[in-house]
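Everything below concerns the one structure shown next.
The values are calculated or read from the model by the stated rules, or taken from the named source; none is laboratory data. All values reported here derive from a predicted model rather than from experimental measurement. Please note: Cβ atoms are built from the backbone with ideal geometry, for glycine as well, and neighbour counts cover all protein chains shown.
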Amino acid sequence: MRAIARWEPFHGVTTLQDQINRLFNDTFERTGEQSILSAGAPSVDIYETEHELVVKADLPDVDPKDLDIRVENNLLTIRGERKFEKKVNEESYLRLERSYGSFARSFTLANTLNPDAIKAEYHNGVLTLSIPKREEAKPKQIKVNVGTPAMAAAAASGR
């Protein structure tokens, strides 16, 4: 005996609409504070310490000579090129998941950072940029004197 299936003409519509919304959100949701991506752009980690902002970008098999790092109008841009290995015949590959070719990644820098003192290091395929904070942006500790009211009055009168 066959079960009767109820026909729901709009059953798949919400799923399709959810997929379209997700597609547009993923594409257009980025704000100016987030990064500007290009195809094949490297993944990055960004963290802040008391004295600096650190950007770490994964750039395996990228020759440091093929990197261009610039700051213009408070916009940090990392450009480069990952070149395809010509040692192996293209037909020999079973899977190609890594991107090859030119890439660029840009980040808006806060005014509290000093772009003139950026330090860049490249080690084991990871580019690390250290961007120091300006002196006026660094946290300052204020010492609080503890004493009794009589001591404060004596100090004020000069005794």
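Just a few scattered comments:
- Residue check for D116: surrounded by 11 or more Cβ atoms within 10 Å (Cβ to Cβ), more than 17 Å from the chain's Cα centre (by Cα), charged (D, E, K, R) and not in a strand (DSSP E or B): no
- Among (1) at pLDDT 80 or above; (2) exposed (fewer than 14 other Cβ atoms within 10 Å of the Cβ); (3) aliphatic (A, V, I, L, M); (4) assigned to a loop (DSSP other than H, G, I, E, B) - the single one A39 does not satisfy: (1)
- Some residue of segment 80-102 being under 17 Å from P42 (Cα atoms), under 18 Å from the mean Cα position of the chain (by Cα) and at pLDDT 80 or above: yes
- Here segment 78-108 is the region considered, the condition is being in contact (Cβ under 8 Å) with a residue 12 or more places away in the chain and among the polar types (S, T, N, Q), and the residue that is surrounded by the most Cβ atoms within 10 Å (Cβ to Cβ) is S106.
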